[in-house]
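> First, the structure itself, so that you have it in front of you.
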Amino acid sequence: MKLRWMSAPLIVALVGWVGAVSAQQAPAPAQAPAPPGMPEKTMEGKVKAVDQAKKQVTLEDGTTVTIPPGVQVEWTNIKPGSTVVISYVEAGQQKTVRKVEVKS
């Protein structure tokens, strides 16, 4: 009986400690930074489709880019038929968008 009364506070303390440690961990970054020294590239094209919910823009040549949360975009200006200039960093097959500019 004494063992139950002694183990209950230990379990409560352990659960509280685990919760406190978990709460102190930093959240994962929304976007991994590009490796240093990676050159920024640009592409220009006409917009074929816009999926604001998925944060994606598809160009007429079939290229689809996903806009990361940290990149400011005027979604109301990006429409099918408009010309955009997209700045990005490429690592392997992954293109990380840095900037989207609407030309017309």
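We did not get these values from a lab; they are worked out from the coordinates using the rules stated. Note that the coordinates shown come from a computational prediction; the quantities given were computed from them, not determined experimentally. Note: ideal-geometry Cβ built from the backbone for every residue, glycine included; neighbour counts use all protein chains shown.
> Can you name the number of the only condition in (1) touching a residue at least 24 places away in the same chain (Cβ under 8 Å); (2) among the polar types (S, T, N, Q); (3) touching a helix residue (DSSP H, G or I) at 6+ places or on another chain (Cβ under 6 Å) that Thr42 fails?
In the conditions (1) touching a residue at least 24 places away in the same chain (Cβ under 8 Å); (2) among the polar types (S, T, N, Q); (3) touching a helix residue (DSSP H, G or I) at 6+ places or on another chain (Cβ under 6 Å), Thr42 misses (3) alone.
> In addition: Tell me, which strands (runs of 3 or more DSSP E) lie completely within the range 45-104 with 2 or more residues that are without any contact (Cβ under 8 Å) to a residue 40 or more places away in the chain?
So the answer is 56-59, 64-66, 94-102.
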